[in-house]
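What follows is a single structure, written as structure tokens, with notes after it.
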Amino acid sequence: LNLCSRRKGAMQDIQVKVLQQELADQSERHGKELKRLNDEVRLLQERLKAVLDRRSKQAVQPPSIDSTFVRRVEWRLPNCKQDVRTVERGQSMWSGPFSASGIAEMQLEFFPQGRENSQSGFCALFLWAPGNVRLKYRLQVGNHSTWDEDFFDRWMGHGHSNFCNLEAQIEKDSLVIRVEILEVTVTEDLGDGLRLINQGISQPLKLEAAVIRNRDLDTVSRGQYVCSPSFSIAAVRNMHIEFYPNGLEGSKNGYCGLYVRSPGGKYTLNLTLSVGSATRGPSRTELDGNSAKGLPEFCRINEQLEEEDLVIGIKVQNPLDRDDEERSLAL
């Protein structure tokens, strides 16, 4: 009995020592983990303090500007003669990101010494913009400028590798690079064949300005036209007709002019145009953006004024449809 009691006591002593060792090990691990956490907290506090110090030292930034009505952006490079000499051929300088005409994340990329394929002494300039944007814009280096219209189907740059001779545009060791946004069209595909097209506010403003400018006119002079309301026909959107009652500048006296325009896209249609009883067509017509198609000397206007009303019409036969399918509209 005494032997069994001594064995039992020895086993209990061993278990106690094991538990004590486990507690000691756990306490040591806990101490190391607590130290690691305290070090991380201290490091985060130091980083936060550094960020707050930097912000406090920075100048107060002006409030952000609504870029909807911003049309022109200037990028000035002072002391540029020395700077451009240090830039090798094929290397570019980037402007900071900017917003204009409601389009954000645009940048200018400037190659002072040109790209690999540029002419000697010529600089290169590119405008970068986000995707699904069509821009009509003007790039300018010094006094030299170019007008362009491009579609940016993704984040990309459009411009010229042989923009101009750089030395001729540097004035008093300073160079000004500009971009002016003239027109903007933004498209967004929503799926299921649905697409949103935002042409900005420039076109409505132009129309309203024309209303104000012409409010006192009571006669359509030579070279001026009467524009129909926008209409859709043969699955073509946003079409309109331009009628010149007194003809265009340079056309024969007594003749009227007639044109059709479709700013919404590119289409190939068979068109027949009419003014009163005078018809022209059908003729295969390619409509491309803002380019108007028609005749400057359509017919003698006096021959079509016998009736009180003058009917101007368009008949469309879509080549993609059946040969016998025609759609017509009289305005």
Quiz item: For the stretch 200-221, which residues satisfy the criterion of being open to solvent by less than 80 Å² (accessible area, probe 1.4 Å) and at pLDDT 75 or above?
Solution: Ala209, Val220, Ser221
Quiz prompt | In the stretch 247-281, residue nearest to Leu305 (Cα to Cα) [restricted to those that are over 37 Å from the mean Cα position of the chain (by Cα) and in a strand (DSSP E or B)] | solution = Val275
Practice problem: Identify, by number, the condition in (1) at pLDDT 80 or above; (2) part of a strand (DSSP E or B); (3) of a type outside the set (Ser, Thr, Tyr); (4) touching a Phe, Trp or Tyr at 6+ places or on another chain (Cβ under 8 Å) that Gln224 doesn't meet. | Solution: (2)
Practice problem: Restrict the check to the stretch 230-246 and report whether at least one residue is free of Cβ contacts under 8 Å to residues at least 60 places away in the same chain, within 14 Å of Ile314 (Cα to Cα), open to solvent by 10 Å² or more (accessible area, probe 1.4 Å) and not in a strand (DSSP E or B). | Solution: yes
Self-check item: Hey, Ile197 surrounded by fewer than 17 Cβ atoms within 10 Å (Cβ to Cβ), at pLDDT below 75 and of a type in the set (A, V, I, L, M) or not
Solution: yes
Self-check item: Single residue of Ser67, Ser92 found to be of a type in the set (Ser, Thr, Tyr) and either over 30 Å from Glu171 (Cα atoms) or modelled with pLDDT of 85 or more (or both)
Solution: Ser92
Exercise. Could you look through the stretch 165-188, keep only residues that are open to solvent by 80 Å² or more (accessible area, probe 1.4 Å) and touching a residue at least 12 places away in the same chain (Cβ under 8 Å), and pick out the one that is nearest to the chain's Cα centre (by Cα)?
Key: Glu188
Exercise. Return only the number of the condition from (1) loosely packed, with under 14 Cβ neighbours inside 10 Å; (2) among the small types (Gly, Ala, Ser); (3) at pLDDT 90 or above that Gly265 does not satisfy.
Key: (3)
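The values are calculated or read from the model by the stated rules, or taken from the named source; none is laboratory data. Just so it is clear, the structure is predicted and the values come from calculations on it, not from any experiment. Neighbour counts are summed over all protein chains in view; Cβ atoms, including those assigned to glycine, are modelled from backbone coordinates with ideal geometry. Keep in mind that these areas ignore ligands, DNA and RNA; they rest on the heavy atoms of the full protein, side chains included. Shrake-Rupley method; radii C 1.70, N 1.55, O 1.52, S 1.80 Å.
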